[in-house]
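To start, the structure itself, in structure tokens.
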Amino acid sequence: MATEERNRERGDGRDHAAHHGPGGGTTHEPEPLSDLARGTVQRAQLRTRVADIAWTALVIVLGAWVLWSAIGIARETANAWVYCAVGAVLFTVALWARLSTLKARARTRL
């Protein structure tokens, strides 16, 4: 209520409570994107988000490689054991690094 009153006092003309969507909830206008200049919180969050996406993609690709190699072992494909062993080691290291990063980040946010 206080926000609506402030908007009316300023002559803003935006009555956010009056905008109802088809589901009965209110719709909000999107906030403009903030500056991604050096040293801003948004830039640090972006860097962290990109790293999260990259690590997740790496773990998924290595997991698929191990699974595909295990299927190759079942089909008795040549050198499938080698590919499966290498993929399993890389998958384990990437997963360990990913989980330790998440744990370290959780400790620093407290």
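The values are calculated or read from the model by the stated rules, or taken from the named source; none is laboratory data. On a predicted model such as this, the values are computed, not experimentally measured, just so you know. We place every Cβ from the backbone using ideal geometry, glycine too, and count neighbours over all the protein chains shown.
Within the stretch 69-103, if we keep just the residues that are within 19 Å of A57 (Cβ to Cβ) and of a type outside the set (A, V, I, L, M, F, W, C), the residue that is surrounded by the fewest Cβ atoms within 10 Å (Cβ to Cβ) turns out to be S100. For residues that are hydroxyl-bearing (S, T, Y) and assigned to a helix (DSSP H, G or I), scanning just the stretch 24-76, find the one that is modelled with the lowest pLDDT. Per the stated criteria, the residue is T48.
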